[in-house]
Amino acid sequence: MTKRRVEPLVWLMFSGGGVMAAVFLPILAFLFALAIPLGWVARPDHVHLLAVVGHPVTLVVLLGMFVLMLVHSAHRFRYTLYDGLQVKRKTFTAVLCYGAAFIGSIAAVNVLARLA
Amino acid sequence: MTEVRTYRRPMSIWWWTKKRSYFVFVMRELSSIFVAWFVVFLLLLVRAVGRGGAAYDDFLDWAASPGIVVLNFIAMGFLLLHTVTWFNLTPQAMAVRVHGRPVPPAVVIASQYVGLVVVSAFVYWLVTR
Amino acid sequence: MPDSIRLEVTRYRPDTDSEPQRQEYDVPLRKEWTVLDGLNHVKNEVDTTLSFRWSCRMGICGSCGMNVDGEPKLTCATFLTDYAPGPVRVEPLANFPVVRDLVVDLFDFMERLPRVKPWIIRDDDVTEVDGEYLQTPEELDAYKQFSMCINCMLCYSACPVYGLDPTFIGPAAIALAERYDLDSRDHGARERLDVLIEHEGVWGCTFVGECTRVCPKHVDPAGAIQRYKLKAAKESVKAFLLPRGTR
Ligand code: SF4
Ligand code: FES
């Protein structure tokens, strides 16, 4: 019988977040962080954007995506600290990284819930 | 058995600068910071959209300020590194089979890029429609 | 082509040296000479005190692994001409304690190898006495790649995670576990998973991928480790979702 462990589940979320970041994030980041602010693409109308983002399906997708990507980042950064910087206080680092992802997730719920 | 006196070589904290492949690995892992940054950035955008047209315009003006633009260019570079390395490693990380036959790695990689294009086109259409 | 090449060899004599030193030797540069041939030349003609391991000289025994110009290599399969005009740095395999000169201590690996149970485990009482276990060519192909390992330890030497945390069970051991898991005659996957799902098992691996790159036998340990993570994850999800007893 397999013992219940969190490592495999965190790893699954890490992987899921990795896929999200690889597939969805490039276009979102390109549009909203570069193309629209720099005027390469016309500013989408606010009413239209509000309708798109406020749609229940979008909200759920965004929430799932944000949470997974935050766990992905936290997990990866945690190991970068271990390996790259040889940080020795492992428990402290883990709490810090996953804690930040948790806080970020709460913030995401907060922001998205206001639109619902 | 007699005790053997062995010498343990310490591992330098700069180990990842000594080999190209190690360096690329650490850069790939550091992409995580920029993924997190983009999540924060998008959350701020969503919040601004929720607050109304004026807040939305303010946000985009802020996003066009030089500091943020430079940061976002760098972040975009790391994000692309993440995408490329992630796609490249997928066939190694899981043995994909269709009808019991293993799918060649090149096909797995190519189909992910197809997925990327489809998703990107859809998001682009949704946003600019 | 110059007719000689310089080897910069790491020496460590535990009785006199407090830490490894470097010693230089000029050896003939011949088209068909490997780094190992160069070392043997030194041993036979120049300095008989130099210690290093080798046996087969044909990439089979896995004992001649050393770091050549910083890359873990089988020295019997690494040609001096590829490093001309030199010098060539020859060091003991990284990440292992040095016993003497180019000889490293592999005790750590020897001790953990049996932990992944690299043998065929049956859950019935069928033994060889009842006849051979039959297997089709396809079934053989399923695990063949992972069975090519010669325990040369190049992968451990290339792995920064093992270097930083020697409790990590490491690439070759996990590849070997996968080799038996994929064997149609074996029923031991669950037992091995119980070992590898532990913290020192697969979770320390961050998929640097160097083990696969340096492996002289194309075993792909990095791939084996990621597949193990997926296996472990699937089992864990089941363990959370299914009520006890049905597992
Ligand atoms: S997996 Fe490859 S590199 Fe590692 S010990 Fe086996 S043969 Fe050597
Ligand atoms: S001497 Fe046997 S593998 Fe090199």
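So, A:PRO8, is that one buried (at least 17 other Cβ atoms within 10 Å of the Cβ) and in a loop (DSSP other than H, G, I, E, B) or not?
no
Determine whether region C:165-185 contains at least one residue that is over 30 Å from B:HIS82 (Cα atoms) and either surrounded by fewer than 18 Cβ atoms within 10 Å (Cβ to Cβ) or within 16 Å of ligand 2 (Cβ to nearest atom) (or both).
Checked region C:165-185: at least one residue is over 30 Å from B:HIS82 (Cα atoms) and either surrounded by fewer than 18 Cβ atoms within 10 Å (Cβ to Cβ) or within 16 Å of ligand 2 (Cβ to nearest atom) (or both).
Among all residue pairs at least 6 apart or on different chains, which show Cβ distances below 9 Å where the first residue, located in region A:90-116, is in contact (Cβ under 8 Å) with a residue 12 or more places away in the chain and the second is among the β-branched types (Val, Ile, Thr) and open to solvent by 90 Å² or more (accessible area, probe 1.4 Å)?
These pairs meet every condition: A:LEU112/A:VAL60.
Return yes when C:ALA177 is near ligand 1 (Cβ under 10 Å from one of its atoms) and either within 11 Å of another protein chain (Cβ to nearest Cβ) or touching a residue at least 60 places away in the same chain (Cβ under 8 Å) (or both) and no when it is not.
Considered against the rule, which asks whether it is near ligand 1 (Cβ under 10 Å from one of its atoms) and either within 11 Å of another protein chain (Cβ to nearest Cβ) or touching a residue at least 60 places away in the same chain (Cβ under 8 Å) (or both), C:ALA177 comes out as no.
Filter region C:61-76 for residues that are away from ligand 1 (no atom under 11 Å from the Cβ) and on the phi > 0 side of the Ramachandran plot; which is least open to solvent (accessible area, probe 1.4 Å)?
By that ranking, first place goes to C:GLY70.
Here is a yes/no grid of residues against (1) touching a residue at least 24 places away in the same chain (Cβ under 8 Å); (2) open to solvent by less than 20 Å² (accessible area, probe 1.4 Å); (3) facing chain B (nearest Cβ under 7 Å):
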{"position": "A:LEU28", "(1), (2), (3)": "no, no, yes"}
{"position": "A:PHE32", "(1), (2), (3)": "no, yes, yes"}
{"position": "A:ALA35", "(1), (2), (3)": "no, yes, no"}
{"position": "A:ALA42", "(1), (2), (3)": "no, no, no"}
{"position": "A:HIS46", "(1), (2), (3)": "no, no, yes"}
{"position": "A:ALA51", "(1), (2), (3)": "no, no, no"}
{"position": "A:GLY54", "(1), (2), (3)": "yes, no, no"}
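Among the numbered criteria (1) within 16 Å of ligand 2 (Cβ to nearest atom); (2) on the phi < 0 side of the Ramachandran plot; (3) open to solvent by 20 Å² or more (accessible area, probe 1.4 Å); (4) of a type outside the set (Gly, Ala, Ser), which one does C:VAL219 miss?
Only one criterion in (1) within 16 Å of ligand 2 (Cβ to nearest atom); (2) on the phi < 0 side of the Ramachandran plot; (3) open to solvent by 20 Å² or more (accessible area, probe 1.4 Å); (4) of a type outside the set (Gly, Ala, Ser) is unmet by C:VAL219, namely (3).
Any idea which of C:PRO14, C:PRO85 is open to solvent by less than 40 Å² (accessible area, probe 1.4 Å) and either within 14 Å of ligand 2 (Cβ to nearest atom) or assigned to a loop (DSSP other than H, G, I, E, B) (or both)?
Exactly one of C:PRO14, C:PRO85 is open to solvent by less than 40 Å² (accessible area, probe 1.4 Å) and either within 14 Å of ligand 2 (Cβ to nearest atom) or assigned to a loop (DSSP other than H, G, I, E, B) (or both), namely C:PRO14.
For region C:120-146, give me each residue that is within 16 Å of ligand 1 (Cβ to nearest atom) and buried (at least 17 other Cβ atoms within 10 Å of the Cβ).
C:TYR143, C:GLN145, C:PHE146
Can you tell me which residue among B:VAL35, B:VAL119, B:VAL24, B:VAL39 is within 14 Å of chain C (Cβ to nearest Cβ) and open to solvent by less than 60 Å² (accessible area, probe 1.4 Å)?
Result: B:VAL24 is the single residue among B:VAL35, B:VAL119, B:VAL24, B:VAL39 that is within 14 Å of chain C (Cβ to nearest Cβ) and open to solvent by less than 60 Å² (accessible area, probe 1.4 Å).
For region B:11-25, indicate whether the set of residues that are in a helix (DSSP H, G or I), among the charged types (D, E, K, R) and under 26 Å from A:TYR98 (Cα atoms) is non-empty.
no
Which of (1) within 14 Å of chain B (Cβ to nearest Cβ); (2) in a helix (DSSP H, G or I); (3) within 16 Å of ligand 2 (Cβ to nearest atom) is the odd one out, the single condition C:CYS76 does not satisfy?
Unmet condition: (1).
Taking region B:90-116, which residues are outside any helix (DSSP H, G or I) and open to solvent by less than 40 Å² (accessible area, probe 1.4 Å)?
Once the filter is applied, which keeps residues that are outside any helix (DSSP H, G or I) and open to solvent by less than 40 Å² (accessible area, probe 1.4 Å), region B:90-116 yields only B:VAL103.
If I go through region C:17-44 residue by residue, how many of them are open to solvent by less than 30 Å² (accessible area, probe 1.4 Å) and basic (Lys, Arg)?
So the count comes out to 0.
I'd like to verify a number: residues in region C:135-163 that are within 14 Å of C:ASP108 (Cα to Cα) and away from ligand 2 (no atom under 16 Å from the Cβ), how many?
Result for region C:135-163: 2.
Give the residue, chosen from B:PHE78, B:PHE59, B:PHE87, that is open to solvent by 40 Å² or more (accessible area, probe 1.4 Å), among the hydrophobic types (A, V, I, L, M, F, W, C) and assigned to a helix (DSSP H, G or I).
When all the criteria are applied, what remains is B:PHE78.
The values are calculated or read from the model by the stated rules, or taken from the named source; none is laboratory data. Predicted, not measured: the structure shown is a model, and the values here were computed from it. All Cβ positions, glycine included, derive from the backbone under ideal geometry; neighbour counts span all protein chains shown. The area values use the complete protein model at the heavy-atom level, side chains included, leaving out ligands, DNA and RNA. Shrake-Rupley method; radii C 1.70, N 1.55, O 1.52, S 1.80 Å.
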